[in-house]
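Engineer: After the structure tokens below, expect a handful of questions from me.
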Amino acid sequence: MKKTARAHTNIALVKYWGKADEELIIPMNGSVSLTLDHFYTDTTVEFDPALTEDVFCLDGKQKHDPKVAKFMNLVRNLAKKETFARIDSINHVPTAAGLASSASAYAALALSATSAAGLNLTRKDLSRLARRGSGSATRSIFGGFVEWHKGTDDLTSFAEPIEEETDWEICMIAIVINGHEKKISSRHGMQQVVKTSPYYHEWVKTAEEDLKLVKQAIKNKDFSLLGEVSEASAMKMHALNMSAKPHFSYFMPESILAMQKIEELRSQGIPCYYTMDAGPNVKVICEKQNVAFIIDELSKFFAKENLLVANPGPGARLI
């Protein structure tokens, strides 16, 4: 069978940074994200008995990716089959640039591969499976606001929606500063931080407190609280990177400029906040009514085509 799935990226409001189990990708702390409509991955999987190995194409180019092969072995084990597959994936998001391309990629692969293999997994089990490819992919199975329960093992670490269909007119503006692949992968960065940062214990402790506050903000539609906690979570994550040995940073000069401009807008009475993942691109959290003004102000410093507006997006689905 041949199946195509679409999954959207998500941006964590309360970040996950560090694994308790590297093999199962069990996080050290829970997280909350917002799935975005603008960025997504379409993946087609077709099992073919004539193949002697999986054939993986990303954006039209064949690639050898041991991670994809390992993930497909998980699917084959679940389906109790040995057939290899053709995997064609199109990324409508810059790959490995801190815009959560791995989240949409593995969520789309989890759904398309299991469907093509004849499996009909629950969304909870799809979330668990997607997690094995990329931690943040566990959240991209769902739309809107999503919580990833850290759990303690494969069965208990999964995501579920907090508010999948939201009528809150919340938006994110992605300031694309660099769409190229980052020098330090998220996986390597996390490992370095967990092993060497003297502040890591406090990160885990405060992340749990941030989770409660963000869920409260979503429930009460408290934009200021949501923005403040999200911005603080991002900055704590990047502070961990700078406290690692050797220290490292995903910031570029333009990242700092973007953050300064958002702080200036906020001081002028425009409610907006920033967040950043493992990459230089800055995401602005704002409300729909202020998007046009913020874009106008940011376009004085950044090319307008690099200011991409995203709304809450849907969960993974077959197309």
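All of the numbers you see were taken from the coordinates with simple rules; none came from a lab. Given the structure is predicted, the values throughout are model-derived calculations rather than measurements. Using ideal geometry, Cβ is built from the backbone for each residue, glycine included, and neighbour counts are taken over all protein chains shown.
Engineer: Return the FRET efficiency for the residue pair Asp153, Lys80: r is the Cβ-Cβ distance, R0 is 25 Å, and the value is rounded to the nearest 0.05.
Structural biologist: The computed FRET efficiency comes out at 0.65.
Engineer: Using amide H atoms built 1.01 Å from N in the peptide plane, name the residues 5+ places from His92, or on other chains, whose amide H lies under 5 Å from its own.
Structural biologist: So His92 has HN proximity to Tyr40, Thr41, Asp42.
Engineer: Given the DSSP H assignment, sum -39500 (n - 2.57) over each helix run of at least 4 residues in the chain and divide by its residue total; what's the result at 222 nm in deg cm²/dmol, nearest 500?
Structural biologist: -12000 deg cm²/dmol
Engineer: Shifting gears a bit: Apply the Karplus parameterisation 6.51 cos²θ - 1.76 cosθ + 1.60, with θ equal to phi minus 60°, to every residue of the range 145-155 and state each ³J(HN,Hα) to the nearest whole Hz, in sequence, with x for glycine and proline.
Structural biologist: Each residue's phi maps through the Karplus curve to give 7, 9, 10, 9, 6, 4, x, 10, 7, 4, 6 Hz.
Engineer: Tell me which residues come under 5 Å, amide H to amide H, from Asn281 once H is placed; ignore anything under 5 positions away on its chain.
Structural biologist: Ile177, Asn178
Engineer: Apply the Debye scattering formula to the chain, with a single equal point scatterer on each alpha-carbon and no solvent, then give log10 I(q)/I(0) at q = 0.10 Å⁻¹.
Structural biologist: Rounded to two decimals, the profile gives -0.53.
Engineer: A follow-up question, please. When only C-alpha pairs under 8 Å and at least 6 residues apart count, what is the relative contact order of the range 1-129, in percent?
Structural biologist: Across the range 1-129, relative contact order equals 32 percent.
Engineer: Another one. For Lys3, go through the aspartates and glutamates and keep the ones whose alpha-carbon is under 12 Å away, minus same-chain ones fewer than eight residues off.
Structural biologist: Lys3 reaches Asp42, Glu46, Asp88.
Engineer: What list of ³J(HN,Hα) couplings, whole Hz, do you get for the range 307-319 from phi and the Karplus terms 6.51, -1.76, 1.60, once you set θ to phi - 60° and write x for glycine and proline?
Structural biologist: 10, 10, 8, 10, 10, x, x, x, x, 5, 8, 7, 10
Engineer: Counting Lys and Arg as +1 and Asp and Glu as -1, what is the net charge of the other residues whose Cβ lies under 15 Å from the Cβ of Asp42?
Structural biologist: Net of charged neighbours comes to +1.
Engineer: Determine the gain in length on full extension of the stretch Asp59-Glu264; use 0.36 nm per residue of separation and subtract their C-alpha separation, reporting nm with one decimal.
Structural biologist: 69.9 nm
Engineer: While we're looking at this one, here's another question. What list of ³J(HN,Hα) couplings, whole Hz, do you get for the range 56-62 from phi and the Karplus terms 6.51, -1.76, 1.60, once you set θ to phi - 60° and write x for glycine and proline?
Structural biologist: Each residue of the range 56-62 in turn: 10, 10, 10, 6, x, 10, 5 Hz.
Engineer: So, one more: Who wins for biggest fluctuation among His238, His64, His149 in a Gaussian network model of the chain, springs between alpha carbons below 10 Å?
Structural biologist: Maximum fluctuation in the GNM of the chain, among the listed residues, is at His64.
Engineer: For the range 138-202, what class follows from the C-alpha gyration tensor (a ≥ b ≥ c being the square roots of its eigenvalues): rounded when a/c is under 1.5, otherwise prolate if a/b is larger than b/c, else oblate?
Structural biologist: oblate
Engineer: May I have the count of lysine pairs in the range 108-251 with C-alpha atoms under 18 Å apart, counting pairs 8 or more residues apart or located on different chains?
Structural biologist: Within the range 108-251, the lysine pair count is 13.
Engineer: Could I ask something else about it? Counting only other residues whose beta carbon sits under 12 Å from that of Ser101, what net charge do I get with K and R as +1, D and E as -1?
Structural biologist: -2
Engineer: Now a separate question. Amide H of Asp37 versus every other amide H placed in the peptide plane: which residues, excluding those fewer than 5 positions away on the same chain, fall under 5 Å?
Structural biologist: Those lying under 5 Å, H to H, from Asp37 are Asn311, Gly313.
Engineer: Relative contact order of the range 1-318: what whole-number percent is it, with Cα pairs under 8 angstrom and at least 6 residues apart?
Structural biologist: Relative CO of the range 1-318 lands at 25 percent.
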